[in-house]
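Heads up, the thing below is written out as structure tokens.
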Amino acid sequence: KAQGAWAARCMLGREDGLGDPFEIFAHATSFLGHKVVLLGRFNAQGFRIDDEGVRVLVRTTPGKEYVKVVLRHGRMQGAVLIGETDLEETFENLILNGLDLSAFGDQILDPDVDLEDFFD
């Protein structure tokens, strides 16, 4: 319903001061039997990978999961989650809250670190 109302306002050229009703891009689907979740700027859209402050971290468990996060100046901007990672809600909150994750470094994707204890 919100998407339809937003589209109608855009087509009519009306600005009602409410802004964009969508806080974050999110898409979930299934591909070849694996759950696929795309969050935020999952492909570093709008950033150059070689820009200072942009980092892409990847964790893979062959045949089970693939996790990629895009960080800019220590703040999560997007993520690709394939498989049963159980990180969707936590990563969505990290993107929305814009918390500086610099102190975690590469441990942000360490499967032994339970991010939900810190951020969910």
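The values are calculated or read from the model by the stated rules, or taken from the named source; none is laboratory data. What you are looking at is a predicted structure, and each value in this text was computed from that prediction instead of being measured. Don't worry about glycine lacking a Cβ; one is built from the backbone with ideal geometry, like all the others, and counts go over all protein chains shown.
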- prompt: Could you say whether any residue in the stretch 79-93 is at pLDDT 95 or above, part of a strand (DSSP E or B) and among the small types (Gly, Ala, Ser)?
  reply: yes
Scope the stretch 24-35; condition surrounded by 11 or more Cβ atoms within 10 Å (Cβ to Cβ) and closer than 14 Å to Phe91 by Cα; matching residues: Ile24, Phe25, Ala26, Ala28
- line: Conditions (1) surrounded by 12 or more Cβ atoms within 10 Å (Cβ to Cβ); (2) over 13 Å from the mean Cα position of the chain (by Cα); (3) within 23 Å of Asp117 (Cβ to Cβ) -> Val54 fails only (3)
Selection count, the stretch 104-120, where residues are free of Cβ contacts under 8 Å to residues at least 12 places away in the same chain and in a helix (DSSP H, G or I): 5
- prompt: Are there any pairs, at least 6 apart or on different chains, whose C-beta atoms fall under 9 Å, with the first in the stretch 30-57 and on the phi > 0 side of the Ramachandran plot and the second in a strand (DSSP E or B) and basic (Lys, Arg), and if so, which?
  reply: Ala44/Arg72; Gly53/Arg72
